[in-house]
Amino acid sequence: MFHLHLHVSPVMPGKAWLIIAMLTVLGMLVALLCLILFFLLRRSRVERLRLKYQDLYGQIIQRAIFWEATKESPEIAIPFKVARSLSRAHLRQLMIFQLVKAKKAMSGTAAANLVQLYHQLALHEDSLRKLTNPKWHLQAQGIQELAVMEQRGSVTRLYRLTNARNEVVRREAQAAIVQLYGFDGLRFLDVINTPLSEWQQIQLLRLLQQSAGTPQEKIFRWLTSSNTTVRVFTLRLIAEQHLQQVTPQVAERLRDDCPAVRLQAILCLGELAATDTAGLLTAAYPGEDLAGKLAILQTLGRIGAEGELAFLDAQLSTPDNRIRLETARALVRTGEEGLKCLDRFPFIDQSPWNEIFQQAKTEWTI
Amino acid sequence: MKILVAEDEPILIRVIEMRLKRDGHEVQLAEDGQQALDRLEEGPPDLIITDIMMPYASGLEIIAAVRAKSWPKVPVIILSAMGQEDVVLEAFQLGADDYITKPFSPNELSVRVRRLLTAK
């Protein structure tokens, strides 16, 4: 009837079009609502399933943690329902995610059992496949999984990625190798031609804290690496590990072309604090830029430079107030003789020396 | 013995529960800090195992709440991640009795629980 009405009412063509437009919009709104509803229901179903399997996998992981191998059951028992569910890629990923999380919190037999479960379900193959995925975040994820699950067998593939073009992949691969092999893992330093960021250096040093047996002959090589950041990192490593035996090689870095390496060498020598350190630093002082000079003065203050009072005394007369302040600090830290040196200074009552000395003394008292 | 376990990681809390139940303990679970504080209102447990970083209330708040009560001393073991040395020290200052760093072995936890309960 409505259709007929549209045709028999030539006097109201505008109204008819309005009705058609309204009906079309209404139809589209209904379709949109149906679509939203469909996706909401689907998402809630997926979430429900995820929670269900998360709980199921959690139970398997708990059982695996307390599992003890016997002659009758040399493998962890996997219920059929779980085994069947693991034919789906996204559920395998959920299991890997759960296993990795649990493994990070466990040690000893419990951790070994989780690695066994990871292998038994052939989940390492999924992690290995990620290494060749064109998406960098999946590569990084795969590396992390292999490292946490202690997959030493995949070292060659991980090692190749330590010099990858993508920074995140490279960083994860370097961390993974060190996590798995300690100092031996640092062999990537022989070949990397990309810089090691400050953050990455801190990260690697943290991972190496638990390792023993620094490879000394490699350290000599890394100290002369063509990669500046490798030289800086090696100096940090020497300082962290207090490798006194390489002090002469560290001292050679005081003549490095790169200011960042020289600065790190100064700080490293300060950590090693050998008997000739103060002499080495004062000898290098004239050739240094401002940052290097300040670092030398700070280091002298830290290691106690009783034998270098004449040198420090001379720095009090330099025109730069930053050097004067750092020198005053070093003298105060040196102790009684250093304080006497300040008191003997001819312009002690004049500005800015009086303020500088007061500042250095107050800092020390605090 | 009644042991309160506060840990927000679902797998971990179940693993701890399983280990303690195997040792014959009665286990109360709290999956966040607030739940743990609520459980404490029900009465004193014989021992508390708590994670440090949890939603709603931290392990430190739980220790402070236990020590503020006029109960006979309840031993507290804290679970901490590596690199949380400062927080561990703070926990000891608040009155924690022992700590375990993750990753840890459930067997080690069991031994520490036994030691604290025997010394109680």
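The values are calculated or read from the model by the stated rules, or taken from the named source; none is laboratory data. Please read all numbers here as calculations on a predicted model, not as lab measurements. Methodologically, a virtual Cβ is constructed for each residue, glycine included, from the backbone with ideal geometry; neighbour enumeration extends over all protein chains shown.
Being surrounded by fewer than 23 Cβ atoms within 10 Å (Cβ to Cβ) and among the acidic types (Asp, Glu) is the filter here; which residues of the range A:140-186 pass it?
A:Glu150, A:Glu167, A:Asp184
(1) surrounded by 19 or more Cβ atoms within 10 Å (Cβ to Cβ); (2) part of a helix (DSSP H, G or I); (3) within 14 Å of chain A (Cβ to nearest Cβ): which one isn't true of B:Lys21, the others all being true?
With (1) surrounded by 19 or more Cβ atoms within 10 Å (Cβ to Cβ); (2) part of a helix (DSSP H, G or I); (3) within 14 Å of chain A (Cβ to nearest Cβ) applied to B:Lys21, the lone miss is (1).
Residues of the range B:1-14 being touching a Leu at 6+ places or on another chain (Cβ under 9 Å) and either among the charged types (D, E, K, R) or closer than 17 Å to B:Thr101 by Cα (or both), which ones?
If the condition is that a residue be touching a Leu at 6+ places or on another chain (Cβ under 9 Å) and either among the charged types (D, E, K, R) or closer than 17 Å to B:Thr101 by Cα (or both), then B:Lys2, B:Val5, B:Ala6, B:Glu7, B:Leu12, B:Ile13, B:Arg14 are the ones that fit.
Could you grab me the full set of residues in the range B:102-117 that are of a type outside the set (Lys, Arg), within 14 Å of chain A (Cβ to nearest Cβ) and in contact with a helix residue (DSSP H, G or I) (Cβ under 8 Å, 6 or more places away or on another chain)? Talk me through it step by step, then tell me what you get.
If we filter the range B:102-117 for residues that are of a type outside the set (Lys, Arg), which is where we start, we get B:103-111, B:113, B:116-117.
Among the residues that remain, those that are also within 14 Å of chain A (Cβ to nearest Cβ) are: B:103-111.
Result: B:Pro103, B:Phe104, B:Ser105, B:Pro106, B:Asn107, B:Glu108, B:Leu109, B:Ser110.
Taking the stated definitions as given, is A:Thr234 over 30 Å from the mean Cα position of the chain (by Cα) and either buried (at least 18 other Cβ atoms within 10 Å of the Cβ) or over 21 Å from A:Gln201 (Cβ atoms) (or both)?
Considered against the rule, which asks whether it is over 30 Å from the mean Cα position of the chain (by Cα) and either buried (at least 18 other Cβ atoms within 10 Å of the Cβ) or over 21 Å from A:Gln201 (Cβ atoms) (or both), A:Thr234 comes out as no.
Residues A:Ile296, A:Ile323: which one is in contact with a Phe, Trp or Tyr (Cβ under 6 Å, 6 or more places away or on another chain), part of a helix (DSSP H, G or I) and at negative phi?
A:Ile296
Pull up the range A:104-116, narrow it to residues that are at the interface with chain B (Cβ under 9 Å from one of its Cβ atoms) and assigned to a helix (DSSP H, G or I), then point me to the one that is surrounded by the fewest Cβ atoms within 10 Å (Cβ to Cβ).
So the residue we want is A:Gly108.
If a residue must be in contact with a Lys or Arg (Cβ under 7 Å, 6 or more places away or on another chain) and either in a helix (DSSP H, G or I) or within 15 Å of A:Val148 (Cβ to Cβ) (or both), how many such residues does the range A:57-103 contain?
Number of matching residues: 3.
Considering every residue within the range A:124-132, establish whether at least one is more than 14 Å from every other protein chain (Cβ to nearest Cβ), over 29 Å from B:Lys21 (Cβ atoms) and outside any helix (DSSP H, G or I).
Yes.
Within the range B:79-101, which residues are in contact (Cβ under 8 Å) with a residue 24 or more places away in the chain, within 11 Å of another protein chain (Cβ to nearest Cβ) and of a type outside the set (Gly, Ala, Ser)?
Selection gives B:Leu79 alone.
Tell me, yes or no, whether the range A:137-148 has at least one residue that is at pLDDT 95 or above, assigned to a helix (DSSP H, G or I) and within 12 Å of another protein chain (Cβ to nearest Cβ).
Yes, the range A:137-148 contains a residue that is at pLDDT 95 or above, assigned to a helix (DSSP H, G or I) and within 12 Å of another protein chain (Cβ to nearest Cβ).
Buried (at least 21 other Cβ atoms within 10 Å of the Cβ) and either touching a residue at least 12 places away in the same chain (Cβ under 8 Å) or not in a strand (DSSP E or B) (or both): is that true of B:Ile63 in this structure?
yes
Any residue in the range A:334-350 that is under 21 Å from A:Gly270 (Cα atoms) and among the aliphatic types (A, V, I, L, M)?
Within the range A:334-350, not a single residue is under 21 Å from A:Gly270 (Cα atoms) and among the aliphatic types (A, V, I, L, M).
Could you check, for the range A:36-55, whether at least one of its residues is part of a helix (DSSP H, G or I), within 14 Å of another protein chain (Cβ to nearest Cβ) and among the hydrophobic types (A, V, I, L, M, F, W, C)?
Checked the range A:36-55: at least one residue is part of a helix (DSSP H, G or I), within 14 Å of another protein chain (Cβ to nearest Cβ) and among the hydrophobic types (A, V, I, L, M, F, W, C).
Which residues, taken from the range B:29-55, are under 21 Å from B:Lys102 (Cα atoms) and either away from chain A (no Cβ under 14 Å) or buried (at least 18 other Cβ atoms within 10 Å of the Cβ) (or both)?
Hits for the range B:29-55 are B:Ala30, B:Asp32, B:Gly33, B:Ala36, B:Leu47, B:Ile48, B:Ile49, B:Thr50, B:Asp51, B:Ile52, B:Met54, B:Pro55.
For B:Glu26, are the conditions met, namely being of a type in the set (D, E, K, R) and touching a Lys or Arg at 6+ places or on another chain (Cβ under 6 Å)?
Against the criterion (of a type in the set (D, E, K, R) and touching a Lys or Arg at 6+ places or on another chain (Cβ under 6 Å)), B:Glu26 qualifies.
Restricting to the range B:95-119, give me the number of residues that are more than 12 Å from the chain's Cα centre (by Cα) and of a type in the set (Asp, Glu).
Qualifying residue count for the region: 1.
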